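Working notes for the structure below.
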Number of protein chains: 2
Amino acid sequence: MLLRMSTLLLKTLREEPADAEVPSHRLLVRAGFVRRAAPGGYTWLPLGKLVLDRVTEVVRDEMAAAGGQEVSFPALLPREPFDTSGRWTEYGDLLLTLQDRRGADYLLAPTHEEMFTLLVQDMTSSYRDLPLLLFQVQTKFRDEARPRGGLLRGREFLMKDAYSFDLDDAGLTSAYDRMRTAYQQIFRRLGVEHTIVAAVSGAMGGSASEEFLAPAEVGEDTFVGCTACDYAANTEAVVTPAPPARPVTAPAAAVHDTPGTPTIATLVELANERRLGGRDDWAASDTLKNVVVVVHHPGRTDEIVAIGVPGDREVDLKRLDAALAPATATLFDDFAVRPDLVKGYLGPQGLPIRYLADPRVAPGTAWLTGANQAGRHATDVVAGRDFVPDGAIEAAEVRAGDTCPACGGGTLTIRRGIEIGHIFQLGRRYTDAFRVDVLGADGKPVRPTMGSYGIGLTRAVAVIAEQHHDERGLIWPDAVAPADVHIVAAGRDGQIEAALSLGATLVRAGVRVLVDDRPNVSAGVKFTDSELIGIPRSVVVGRRLMEGYAELRNRRTGDRQELPLVDIPGVIMGRLG
Amino acid sequence: MLLRMSTLLLKTLREEPADAEVPSHRLLVRAGFVRRAAPGGYTWLPLGKLVLDRVTEVVRDEMAAAGGQEVSFPALLPREPFDTSGRWTEYGDLLLTLQDRRGADYLLAPTHEEMFTLLVQDMTSSYRDLPLLLFQVQTKFRDEARPRGGLLRGREFLMKDAYSFDLDDAGLTSAYDRMRTAYQQIFRRLGVEHTIVAAVSGAMGGSASEEFLAPAEVGEDTFVGCTACDYAANTEAVVTPAPPARPVTAPAAAVHDTPGTPTIATLVELANERRLGGRDDWAASDTLKNVVVVVHHPGRTDEIVAIGVPGDREVDLKRLDAALAPATATLFDDFAVRPDLVKGYLGPQGLPIRYLADPRVAPGTAWLTGANQAGRHATDVVAGRDFVPDGAIEAAEVRAGDTCPACGGGTLTIRRGIEIGHIFQLGRRYTDAFRVDVLGADGKPVRPTMGSYGIGLTRAVAVIAEQHHDERGLIWPDAVAPADVHIVAAGRDGQIEAALSLGATLVRAGVRVLVDDRPNVSAGVKFTDSELIGIPRSVVVGRRLMEGYAELRNRRTGDRQELPLVDIPGVIMGRLG
């Protein structure tokens, strides 16, 4: 492959694109790899398309090596299978739906669990036909409320989705482990630094699941690690250890006038000032904060619910959503229409709505909390005595320094990351929904169990750019670079011809070459563009051409080396290995 | 690549699928290459995906060789650019549209003229940036009223669409010719017999255009050839030579009672019987047939129009649609609400609706036609004297034996074919719509002119199957076969191991191998499956394995050859070249 910049569809930009929020987006647009075409939709320009294709090939290769078989489903699907699985409703506003000319309901599939399940139902009949590991590389559509970060969260993106079908749990575990290893190998080959964390499974259904997160400040996910053990989890998946139930030792609850204390801070200050319950050491963690939210159940009426968390913690709406999935929640703020909910002075005792509490609100714990009367709070409100939550919920924020729920010894650290892969043990949610059985070895029907494994391919390109750049531009890893070598003809006096001739020599040897043969562009602009585009190594054919020399540059290290032009092919091929 | 049938997702069918109308569809389903997943939507199974990928690679390869640069656009696009081009409306019911969560209008792009034009506007500024030839390989969506023929006409299909941008007509012609040559090369490599025919450009707009048609009885297109010259055209594009205007020699028109003659046949019989106008040699070609149709103008009110054709020809609704594009027409049959249109007795003289006539209805020609009164016809109704059509229209059927419009000497033959490629000289329709200019060499703005070039990739697979099969199954050309060699282990006594070992040897040499290593399947079933699947050559490892022999079979010729097993790799690699 020889690409000539004189004819390449490429326009590099000196200025930052106005709508670009993250480095990968800024650089991929500035270097001419992608261009915005629609809200949440990007056009892949020639250089970008080459990178995307290389990323895709690495993924295909490892999927095949892991025993995966590639298929391809339509994206435009009828409603019925998604009604059967419940996802037509559960997916909510994220689902892009349409009607055909006959008025029949269709959707643009966000993922294909239903279709893979139906295919396996159609194509298999005996235990001999399993296990199967099937995958596809496909454009997916999701109606994101806030597309962001360029390729990081779009409404249309390329995804590799894979599904395993096994006869039993041991088979599923084995397929899951094989995919986990394949994903590690994929991200290693792509040069993506990543952490595997425990995850919640969201709208897909199922049980065990892990995410591959690329640590990045601009990531939408936060994840924890432990200072003492190897525990790692998406904060959405962090499970708060419930303290053991304890005997009630607190006196009866007492109501106090606490005027002007609608917040935890004001309450704690006043409680200490007035020595409520005879104490002046009240802390926020002694109080119970009750936050009212509206829970949006897909396909059903909204519900108003109160969430109780220790007063020193906020409710984390992402954790709350993960706990409520497929339902979602927003803060309730229409207290005017619900005079029975006393804003700022809510307590769990006798609340007229469903009450879900943090696991720390264990039976026997006593709290300072609202008295459900304006300007009044109650002390010694005891869980299990004065109120019984309708359920526990993981909605309190996770904080750096929290005790590790896994080892109980270390403390948690928190980082941000970008989700680049997700592996699930789905179990039988979909085979149950579609009543998929194969005949077992003993002649009895066996219901297969499923795993689901996804990698966002367009997102992976953005993550690579996010992890591999400097202030001058992109620095592609060898495995995905749009070319192996960027030959820059610095001047016009025979240098363009020499650059093209060197390029032709390299191409014959199987090297991918980009040549900057633009006749009317200065050497300075060419060098700047070359650093922006980020091919791992470049050859500058400049003034010393007349002495038979050119300069080999390494984009990552900045190393430069003058070499006889005739030696350059040998040196490059040696380094490409 | 080594595929093992013991684990491959494959189920061959002995019975014809109930919904399959054409050989390619029947065989691709029976042989386990595709499977219906949705109305007009197919799932590509592993063997089919391999063929589709190989077809795509051939197309990519030739596009790149012709100077094409690959990009990739979103499929989900906002309405605005398609409003600017007019295609939001013109495309009519074929367009799949939807609204996002904010109620904004989107569409699934049927082709991407608008987006390529906007991209070039965005990325170019000077004449130096042109010419450009850009292409993409993308899933397209069209809401076909009647998806048919399996992959031949689906609602979701893979297409390579390409667009050229040039500064002047000479550049466009050169790009067009280059693409024409590339397409010939592509179809030659794919083993697709094809004919290039003149075409109309339909809803794309533009002027010169040609189609690549694969001759096939099941094709939806009909095309003509000439017995004497190299004229070839889609019947939709056949231009009827208009005879020269002639002086009016006919007497004044005269009205006759012709009761019970609502059809041409009954009219001619009665006209001869009653010697209308003193003649008894009336033929259908002397009569003027007037057919009333409803013209559906996209985005506007329907219009009732009469079409006049010589009475010996039918109105061809496909030719009529092509002539009216982007409007479409259906037969008008609600004469009850239009008593001013006298069914069966219509004449062009004084018609209350727009009248479009066949080119043969030239000024000075005299016709026997309806008198616009029930049971009456008129003789000597002269074009240009008694009526003047509101325009000419190509709507009359084209018939085998018609005089060639190109050479005037030969006559036309008619065949059916499947459209597999289409090349257009679009001109400036889109660059005008989006006001795209680049700065010319003389400092003045230049408006680029465009070409558009498409190949249906999924359809190409079906066409290859249509042209390469026999009664026993598919016979893939080498260039697109899912594997190069199918090794069939006929029995179990070491034959499976020998087959796998031979496969491994071949794979190491770069050969793509499918091995039938199923332990519980009879040799007969394996042979039948092998012929159905249609790998060009197979190796049967059977009883003579113990003597060190296997049999090489050629799927196309049926040739069989017993060879020492150790010689087989050499023989195969020799034949694969």
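Values for this structure:
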| item | result |
| --- | --- |
| Estimated inter-spin distance, A:Thr266 and B:Ala228, nm [label 7 Å along Cα→Cβ] | 10.1 |
| For A:Gly510, inter-copy label distances in nm, listed shortest first [label point 7 Å out on the Cα-Cβ vector] | 0.9 |
| Spatial separation of Cα centroids for segment A:26-83 and segment B:446-476, in angstrom | 23 |
| Label spacing, shortest first and in nm, from B:Val571 to its equivalents in the remaining copies (7 angstrom along Cα→Cβ) | 5.2 |
| Distance violations [Cα-Cα > 21 Å] among A:Lys160/B:Lys11; A:Lys11/B:Lys160; B:Lys11/B:Lys526 | A:Lys160/B:Lys11; A:Lys11/B:Lys160 |
| Stokes-Einstein translational diffusion, segment B:359-403 - Kirkwood Rh over all Cα pairs, 0.692 mPa s, 37 °C, in µm²/s | 268 |
| All aspartates and glutamates inside 14 Å of A:Lys343 as judged from Cα atoms, apart from same-chain residues fewer than 8 positions distant | A:Asp333, A:Asp334 |
| Residues of type lysines that B:Lys318 reaches as a straight line, Cα spacing below 21 Å, ignoring anything fewer than 8 places off in the same chain | B:Lys289 |
| Spin-label model distance (nm) - A:Asp168 vs B:Ala374, 7 Å beyond Cα toward Cβ | 8.4 |
| Cβ crowding within 10 Å averaged over residues, with B:401-413, B:210-222 ranked highest first | B:210-222, B:401-413 |
| Ascending list, in nanometres, of distances separating the A:Ala523 label from those of the other copies (7 Å, Cα toward Cβ) | 7.5 |
| Axis-nearest residue in chain B [Cβ, rotation onto A], distance in whole Å | B:Leu98, 2 |
| Binned Cα-Cα distances of the protein assembly as shown, short to long, each 10 Å bin given as a whole percent | 2, 8, 14, 18, 17, 15, 11, 8, 5, 2, 1, 0, 0 |
| Label-reachable residues, segment A:518-544, where backbone N falls under 14 Å from a point 7 Å from A:Arg14's Cα toward its Cβ | A:522-529 |
| Surface share of carbon and sulfur [accessible, 1.4 angstrom probe, percent] for chain A | 50 |
| Contact order normalised by residue count of segment B:254-392, Cα under 8 Å, 6+ apart, percent | 27 |
| Antiparallel %, DSSP beta bridges [both residues in chain B], to 5 | 80 |
| Relative packing of peptides A:232-244, A:144-156, A:336-348 - highest average C-beta neighbours within 10 Å first | A:144-156, A:232-244, A:336-348 |
| Residue-averaged beta-carbon neighbours from other chains (10 angstrom radius) around B:28-41 | 4 |
| Interface burial for A against B (accessible surface, 1.4 Å probe, total of both chains, Å², rounded to 100) | 4600 |
| Chain A: DSSP helices with Cα axial extent of at least 18 Å and average Kyte-Doolittle hydropathy no lower than 0.0 | A:46-65, A:495-508 |
| HN-Hα J in Hz across segment A:138-144 - Karplus 6.51, -1.76, 1.60, θ = phi - 60°, x for Gly and Pro | 8, 6, 10, 10, 9, 7, 4 |
| Efficiency of FRET between A:Arg492 and A:Arg560 - r from beta-carbon atoms, R0 22 angstrom, step 0.05 | 0.50 |
| Probe 1.4 Å, protein heavy atoms only - accessible area per residue of the protein assembly as shown in square angstrom | 39 |
| Potential extension, B:Arg101-B:Thr89 segment - 0.36 nm per residue separation minus Cα distance | 2.1 nm |
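The values are calculated or read from the model by the stated rules, or taken from the named source; none is laboratory data. Note that the coordinates shown come from a computational prediction; the quantities given were computed from them, not determined experimentally. All Cβ positions, glycine included, derive from the backbone under ideal geometry; neighbour counts span all protein chains shown. Heads up: the accessible areas ignore ligands, DNA and RNA and are worked out on the full protein's heavy atoms, side chains in. Shrake-Rupley method; radii C 1.70, N 1.55, O 1.52, S 1.80 Å.
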